[in-house]
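Quick notes on the structure that follows.
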Amino acid sequence: MTLRRRIKQTESLQDRLASFAKEARAKASELPPRTERDDLTRKARQADTAAHMEQWINSPGLQPPK
């Protein structure tokens, strides 16, 4: 039986997603307009969307159904 590796995250998910999106946009700006650049900008947009969804899910206004 193999043991699962546990990793303690030092940054929040939102911070990690924001830094990934920033790095992806920086790399994409250096590339010529091709599929690799498009893929990086798409991944950056997805990271931004995931950060917004995570923020919405963890908001105090979200209430469980009664």
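The values are calculated or read from the model by the stated rules, or taken from the named source; none is laboratory data. Note that the structure is a prediction, hence the values are computed from the model and not measured. Glycine gets a Cβ as well: all are built from the backbone with ideal geometry, and neighbour counts include every protein chain shown. The accessibility values were calculated without ligands, DNA or RNA, using every heavy atom of the protein model including side chains. Shrake-Rupley method; radii C 1.70, N 1.55, O 1.52, S 1.80 Å.
Points to keep in mind about this one:
- Some residue of the range 36-54 being in a loop (DSSP other than H, G, I, E, B), surrounded by 10 or more Cβ atoms within 10 Å (Cβ to Cβ) and more than 11 Å from the chain's Cα centre (by Cα): no
- Exclusive hit being at pLDDT 95 or above and of a type outside the set (S, T, N, Q), set Arg4, Arg45: Arg45
- Residues of the range 4-18 satisfying the condition of being in a helix (DSSP H, G or I), open to solvent by 50 Å² or more (accessible area, probe 1.4 Å) and of a type outside the set (Asp, Glu): Leu13, Gln14, Arg16, Ala18
- When the range 20-35 is filtered for residues that are open to solvent by less than 70 Å² (accessible area, probe 1.4 Å), touching a helix residue (DSSP H, G or I) at 6+ places or on another chain (Cβ under 8 Å) and either in a helix (DSSP H, G or I) or modelled with pLDDT of 95 or more (or both), the ones remaining, listed by number, are Ala21, Ala24, Ala28.
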